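See below for the structure under consideration.
The values are calculated or read from the model by the stated rules, or taken from the named source; none is laboratory data. Small disclaimer: the values here were computed from a predicted structure and weren't measured. Cβ atoms come from the backbone with ideal geometry, glycine included; neighbour counts cover every protein chain shown.
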Amino acid sequence: MMEAWLIIVCAVMTFLVVVASIYILVYFQSEEDRNTAWAPKIAVVLSLTLTCLLVLMLPLDVANRATGSGLPMELLWQIMYVTVAIMCIGVVPFLMFYYEAWDPESKNWQVWTAIKYELCTVIVVGLTLLLMYLWLGYANVPLDQFSYNVSLVSATAPTSCALSTCAGVPSPTSLRVSVTPAVYLIALVAFVGWFLFTVFVGVGFVALPMDLVSEYLRRPTPIDLEEYAKQRMMLNERAKQLKQLAAKLGTDVHRKRDRSSVKKYNQFRQAVYFLEKDWTKVKTAYKERGGNPLRWLCTAILGFLAAILSITWYAHIILYLFISPPPTIFLNALFIELDNAFSLFGTAAYGLFSFYLLACLLKGCMKVGLRFFWIPIHPMKIGGTLMNSFLFNVWLLLLCAVSCVQFCFGAFQSYAQLTAIDMLLGVQVRNLIALSWFFQNNFFYYCMIGLSGLTLVYLCIFPVDKRALDED
């Protein structure tokens, strides 16, 4: 009976996630892509669906253990992880290469460029995975030792014997276990995603609440026609300067890979982003008289809630992960109590904290791109998001969703104990040769909190994002 109930809940949740993914696509997509680029759109919907379902697999695993249902969770975990890996390595990168190689004069060039880059990606990833699996595809699983007071001696042993003979052979402290290729693929994708997850979530923990509050404080105020005309002339002058700069950079600047060209191109994109943002703000100030006050009130409330969630995450990481033994299980106790009241309450609370990590991930990526120009920015604009920005963001979500689940498992281990993911992540992936040091010593957790502290100091000193290329 409980197994049938879990299957029904899974079916309903999958349907709702698919509908929500389609709504996000329609809500954010640009008019230029409304009736075109169907393959990228399908990939976006599928990627968003996989990301959400993968994150929600943990409470399903907990419910399956608690109710004694017979769902094959270990198999489901591996299927989901391998599907995410295929999307991250094969499908989404190919569509990104294809979309960004668009040439109105030659479609064959676009296809060939996508195939060429994707083939290189698959070869590099495949060889890396194969070599690492052949040499390092083992896990050293620690074994617990139990002492005993009575020494077992063979009946044929002499009455006087060496201590080592009477006491028996010392038991090993660990057991070397060979993992499957699927498990190693999961571990490798998670390990790569951890670096991006650590940097962007660490930055996003601070940047997301601060930017929401800053957006409310710097909301547009009503202006008259004279001020509107003045602002419009200034923005028009900025647009002319950027147009001249675009002509100097050339149409192929986004394909160049030298450091100077990449930085200049990213600075140009950042300047265009701020130009569009300022123009929207001026139109809102004049035509909408500052905009709907309820919208800005909701922005302030979201900023306040984001600050509470970030502080709660900091407290949980420090109390549960950094202190051994932990003085409290903190959020684990909250989820367990909510599950005891009604299982969906615990799932909802877990979803709030886990999806907040993904929101911080996107915000942190955007913040780093706006300030340091290491990566091109891909803003999600309502009614103005092109497919290449969609594909980049869903690729980032897919790659880091694996790390997000591992992060949540480590942070909520008391809540997720004795589950299938406990065996997969807590035993095999955590103890892999050459990777175990990072996981067992909480390397990524310490780096995340350290980056958050540096981000807090930096944003307090330089709170406002400034336009690049002002001198140009």
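Condition check for L245 on (1) surrounded by 11 or more Cβ atoms within 10 Å (Cβ to Cβ); (2) at pLDDT below 75: one failure, at (2). Is one or more of the residues making up the stretch 377-385 at pLDDT 90 or above and of a type in the set (G, A, S)? No, every residue in the stretch 377-385 fails to be at pLDDT 90 or above and of a type in the set (G, A, S).
Residues of the stretch 417-469 that are under 23 Å from Q267 (Cα atoms), touching a Phe, Trp or Tyr at 6+ places or on another chain (Cβ under 8 Å) and modelled with pLDDT of 90 or more: T455 alone.
Taken together, F335, F373, F345 contain a single residue that is more than 18 Å from the chain's Cα centre (by Cα) and at positive phi, which is F373. Of all the listed residues (L163, L208, L217), the sole one being at pLDDT below 80, over 30 Å from Q428 (Cβ atoms) and not small (G, A, S) is L163.
Every listed requirement among (1) touching a Ser or Thr at 6+ places or on another chain (Cβ under 8 Å); (2) at positive phi; (3) of a type outside the set (F, W, Y) is met by R289 save one, (1). So, in the stretch 213-238, exactly how many residues are surrounded by 14 or more Cβ atoms within 10 Å (Cβ to Cβ) and over 18 Å from T284 (Cα atoms)? Qualifying residue count for the region: 2. In the stretch 348-357, the qualifying residues are those that are in contact (Cβ under 8 Å) with a residue 12 or more places away in the chain and surrounded by fewer than 19 Cβ atoms within 10 Å (Cβ to Cβ), and the one that is farthest from the chain's Cα centre (by Cα) is A349.
Counting the residues of the stretch 23-38 that are in a loop (DSSP other than H, G, I, E, B), out of contact with any Gly (no Cβ under 6 Å at 6 or more places or on another chain) and either surrounded by 17 or more Cβ atoms within 10 Å (Cβ to Cβ) or in contact (Cβ under 8 Å) with a residue 24 or more places away in the chain (or both) gives 1. Kindly indicate whether P59 is over 24 Å from D339 (Cα atoms), under 22 Å from the mean Cα position of the chain (by Cα) and not hydrophobic (A, V, I, L, M, F, W, C). Spelling it out, it is not the case that P59 is over 24 Å from D339 (Cα atoms), under 22 Å from the mean Cα position of the chain (by Cα) and not hydrophobic (A, V, I, L, M, F, W, C). Give me the residue from the stretch 406-426 that is polar (S, T, N, Q) and in contact (Cβ under 8 Å) with a residue 24 or more places away in the chain and, out of that set, surrounded by the fewest Cβ atoms within 10 Å (Cβ to Cβ). Looking at the filtered set, the residue picked out is S414.
Confirm whether A182 is outside any loop (DSSP other than H, G, I, E, B), modelled with pLDDT under 90, buried (at least 17 other Cβ atoms within 10 Å of the Cβ) and among the small types (G, A, S). In short, no. Being among the charged types (D, E, K, R), under 30 Å from Q29 (Cβ atoms), in a loop (DSSP other than H, G, I, E, B) and at pLDDT below 90 is a description that applies to D103.
When we screen T419, T347 for residues that are of a type in the set (V, I, T) and more than 21 Å from H316 (Cα to Cα), the only hit is T419. Among the residues of the stretch 255-276, is there at least one that is in contact (Cβ under 8 Å) with a residue 60 or more places away in the chain, closer than 30 Å to L305 by Cβ and among the aromatic types (F, W, Y)? Checked the stretch 255-276: at least one residue is in contact (Cβ under 8 Å) with a residue 60 or more places away in the chain, closer than 30 Å to L305 by Cβ and among the aromatic types (F, W, Y). Kindly indicate the residue of the stretch 210-230 that is in a loop (DSSP other than H, G, I, E, B), more than 30 Å from I311 (Cα to Cα) and not polar (S, T, N, Q) and also nearest to the chain's Cα centre (by Cα) among those meeting that condition. Filtering first and then ranking leaves P222. Considering (1) assigned to a helix (DSSP H, G or I); (2) touching a residue at least 12 places away in the same chain (Cβ under 8 Å), say which one W437 fails and leave the rest. Against the list (1) assigned to a helix (DSSP H, G or I); (2) touching a residue at least 12 places away in the same chain (Cβ under 8 Å), W437 comes up short only on (2). Listed conditions (1) free of Cβ contacts under 8 Å to residues at least 40 places away in the same chain; (2) at positive phi are all met by A20, apart from (2).
Residues that are touching a Leu at 6+ places or on another chain (Cβ under 7 Å) and either closer than 20 Å to M380 by Cα or surrounded by fewer than 17 Cβ atoms within 10 Å (Cβ to Cβ) (or both) within the stretch 329-347 comprise just one, F345. The requirement of being modelled with pLDDT of 70 or more, under 29 Å from I421 (Cα atoms), touching a Gly at 6+ places or on another chain (Cβ under 7 Å) and aliphatic (A, V, I, L, M) is not satisfied by V82.
Quick grid of which residues meet (1) in contact with a helix residue (DSSP H, G or I) (Cβ under 8 Å, 6 or more places away or on another chain); (2) surrounded by fewer than 21 Cβ atoms within 10 Å (Cβ to Cβ); (3) aliphatic (A, V, I, L, M); (4) not in a loop (DSSP other than H, G, I, E, B):
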{"residue": "A359", "(1), (2), (3), (4)": "yes, yes, yes, yes"}
{"residue": "C365", "(1), (2), (3), (4)": "yes, no, no, yes"}
{"residue": "V368", "(1), (2), (3), (4)": "yes, yes, yes, yes"}
{"residue": "I375", "(1), (2), (3), (4)": "yes, yes, yes, no"}
{"residue": "L399", "(1), (2), (3), (4)": "yes, no, yes, yes"}
{"residue": "C404", "(1), (2), (3), (4)": "yes, no, no, yes"}
{"residue": "Q428", "(1), (2), (3), (4)": "yes, yes, no, yes"}
{"residue": "Y445", "(1), (2), (3), (4)": "yes, yes, no, yes"}
